[in-house]
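Read the structure below first, then the notes.
Please treat every number below as a calculation from the coordinates, not as lab data. No experiment lies behind these values; they were computed from the predicted model shown. Please note: Cβ atoms are built from the backbone with ideal geometry, for glycine as well, and neighbour counts cover all protein chains shown.
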Amino acid sequence: MKSEIAITGISGRFPESDNVSEWSQNLYNKRNLVTESSKRWEPGLHGLPRKLGQLKDLSKFDNEFFDVSEEQANLLDPQARILLESTYEAIVDAGYDPDNLRGRKIGVFVAHSYQDCEEFFTYDTKDVNEYVATGCLKSLLANRISQIFDFKGRSIHIDTACSSGLVALNLAVQSIQRGEMEAAVIGGVNLCLRPGSSVQFHKLGALSHDSTCRSFDADAKGYVRSEAIATLFVQKSDAARRKYATIIHIKTNIDGYKDKGKN
């Protein structure tokens, strides 16, 4: 019989919300977290929708706490910095001291697609150094967590586009059920640092021109790009110190060829 897997720790950063508690209160209060701001680029640039879901602040990071050199921290993908913080928080939220998990079979599965920071750090080639590569590699989003926290389980970056987060969760659950590791960190990250990727989606016709999502509505005209970094800690239910939810079942598939919708 497969082991029951529980979600035991949660952390993250969300639009206009520094943590899960603030995010939930914003949602309960029906606050619109999609805002017009010049924090990333000027609203309306290249004809893009004027609003975006944006994190409050990307500038803060205690590199000494995570034993990251100042040189590396200055050229470290902001997604990687916040992932380190949210990983620590999710483990604490699950009732564990991260130091007590060092050396154990903990996996790390990070879901992520677009990488805007590398373009930013390499725009002027005379400023490029060895820390750009180690700071912006997609694979290191997961590997850096495993290295800093000394986790010995699988350490994988997943990119399956919109499904990446749930595919990461599926892989983690399967690995725990097979006995390959005792627990896992699952992270999903997206920051909109440069307009290029948004322009691509805009040209594709995927973005809502008025920055409003109308899911499952007859008037739906696209989605709104947003930033978020969310982290879960999952483990066997019988070892859990708290439980947010139990994963009853999980699987993935792809529909294969479809005549409708092809290019």
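What is the residue count in region 230-263 for residues that are farther than 23 Å from R13 by Cβ, within 23 Å of the chain's Cα centre (by Cα), touching a residue at least 12 places away in the same chain (Cβ under 8 Å) and part of a loop (DSSP other than H, G, I, E, B)?
Of the residues in that region, 4 qualify.
Okay, residues lined up against (1) within 22 Å of the chain's Cα centre (by Cα); (2) free of Cβ contacts under 8 Å to residues at least 60 places away in the same chain:
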position	(1), (2)
I176	yes, no
I186	yes, no
V189	yes, no
L193	yes, no
L204	no, yes
S208	no, no
S211	yes, no
D217	no, yes
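Return the residue satisfying two criteria in turn: it lies in region 48-63 and is free of Cβ contacts under 8 Å to residues at least 60 places away in the same chain and under 19 Å from the mean Cα position of the chain (by Cα), and of such residues it is surrounded by the most Cβ atoms within 10 Å (Cβ to Cβ). Explain how you work it out, then say what you get.
Here is the first cut: in region 48-63, the residues free of Cβ contacts under 8 Å to residues at least 60 places away in the same chain are 56-57, 59-63.
Then drop every residue that is not under 19 Å from the mean Cα position of the chain (by Cα), which leaves 56-57, 59-61.
Working: K56: 14, D57: 11, S59: 6, K60: 9, F61: 18.
Of everything passing the filter in region 48-63, F61 is surrounded by the most Cβ atoms within 10 Å (Cβ to Cβ).
Given the conditions (1) in contact with a Cys (Cβ under 8 Å, 6 or more places away or on another chain); (2) under 26 Å from A245 (Cα atoms), report the number of the one that Q54 does not fulfil.
(2)
For region 102-110, state whether one or more residues are touching a residue at least 40 places away in the same chain (Cβ under 8 Å), surrounded by fewer than 17 Cβ atoms within 10 Å (Cβ to Cβ) and on the phi > 0 side of the Ramachandran plot. Show your work before the answer.
Going residue by residue through region 102-110, those that are touching a residue at least 40 places away in the same chain (Cβ under 8 Å) are 102-110.
Pick out the ones that are also surrounded by fewer than 17 Cβ atoms within 10 Å (Cβ to Cβ) and you get 102-104.
Then drop every residue that is not on the phi > 0 side of the Ramachandran plot, which leaves 103.
Checking region 102-110: at least one residue is touching a residue at least 40 places away in the same chain (Cβ under 8 Å), surrounded by fewer than 17 Cβ atoms within 10 Å (Cβ to Cβ) and on the phi > 0 side of the Ramachandran plot.
Can you tell me which of (1) farther than 28 Å from L84 by Cβ; (2) touching a Ser or Thr at 6+ places or on another chain (Cβ under 6 Å) is the one G12 doesn't meet?
Here G12 meets the rest and fails (1).
Pairs needed: first member in region 132-149, more than 21 Å from T160 (Cα to Cα); second member anywhere, among the aliphatic types (A, V, I, L, M); C-beta distance under 6 Å; at least 6 residues apart or different chains.
V132/L75; G135/L75; G135/L76; S146/V108
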